[in-house]
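> This is the structure I have questions about; it appears just below.
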Amino acid sequence: MNWKEKLAEIECHFGHHEKRDWRPTIELVQRFRMEQLSNVELRIRIIYLLHNILVEEEYTQEEHDLIASLLKLEFAESYQKFSDNSEYLFFIGKILYVAEWYFGIDDDTKPLEDKFAFKMQKKAFEKEPHNKLYEWAFLFSKNDKEKSFLLAKQLLYSDASWLNWLKVKGFPGLYIIEALKYCYENYK
């Protein structure tokens, strides 16, 4: 079983809020990340997986500490390696808005333009200004309701290629699809 299949198997159990032993998942993540340090998609999916466990699932204090330290390490190492990669900036910039302290970031009191997540999304859009998905994320983060609604509508209903691309990205892609739907349904 390759890393995509194994991570998809783990991700399909999210949301059940059942008590489980996360140590095998932690060991698997550590193995995958060491085997493929240059794989941006894998590193994005690892960050989303670890983050989701911390904010949505049940775990022991020992597991929490292991997962939290691994997430912080994974973010620091991957950001250093992929800080100019638009895909990385887009996905990680989106998730940083949720429980940013797990990443070692404290932006609560900063204005939007100074927040690390916002800067990442802005950079992704500036690097690829014709990418409608990156533009949507940037505008959505700016709370530009009218423009982000119109882009969400376009991304969801006008061109299936965007959704198809997101669907093959596993949990991070599904997270973005849900954000697009939220924007479309609530920013009308």
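The values are calculated or read from the model by the stated rules, or taken from the named source; none is laboratory data. Remember, it's a predicted structure, so these values are computed and weren't measured experimentally. Cβ atoms come from the backbone with ideal geometry, glycine included; neighbour counts cover every protein chain shown. Surface areas here come from the heavy atoms of the whole protein model, side chains and all, with no ligands, DNA or RNA. Shrake-Rupley method; radii C 1.70, N 1.55, O 1.52, S 1.80 Å.
> Using the heavy atoms of the protein chains alone and a 1.4 angstrom probe, what is the accessible area of the chain per residue in square angstrom?
51 Å²
> Now a separate question. Can you give the charge dipole size of segment 3-187 about its Cα centre, rounded to the nearest 20 debye, using +1 on the beta carbon of Lys and Arg and -1 on the beta carbon of Asp and Glu?
With Lys and Arg at +1 and Asp and Glu at -1, about 600 debye.
> Next question, about the same structure. Taking square-rooted eigenvalues a ≥ b ≥ c of the alpha carbon gyration tensor, is the chain rounded, prolate or oblate, where a/c under 1.5 means rounded and, failing that, a/b exceeding b/c means prolate?
prolate
> Hey, another quick one. What list of ³J(HN,Hα) couplings, whole Hz, do you get for segment 32-39 from phi and the Karplus terms 6.51, -1.76, 1.60, once you set θ to phi - 60° and write x for glycine and proline?
3J(HN,Hα) across segment 32-39, in whole Hz: 4, 5, 6, 6, 9, 4, 9, 8.
> Return one number: the angle in degrees, 0 to 90 and rounded to the nearest 10, between the long axis of the Cα atoms of helix 40-56 and the longest principal axis of the Cα atoms of the chain.
Approximately 80 degrees, to the nearest 10.
> Run the quick spin-label model on K81 and K132: label points 7 Å from Cα toward the beta carbon, then report their separation in nm to one decimal.
Placing both labels 7 Å beyond Cα along the Cβ direction yields 3.2 nm.
> Taking Cα atoms, how many degrees apart are the long axis of helix 132-141 and the longest axis of the chain, rounded to 10 and kept between 0 and 90?
90 degrees
> Give the carbon-plus-sulfur fraction of the accessible surface of segment 137-188 in %, rounded to a whole number; probe 1.4 Å, heavy atoms of protein chains only.
Within segment 137-188, the accessible surface is 51 percent carbon and sulfur.
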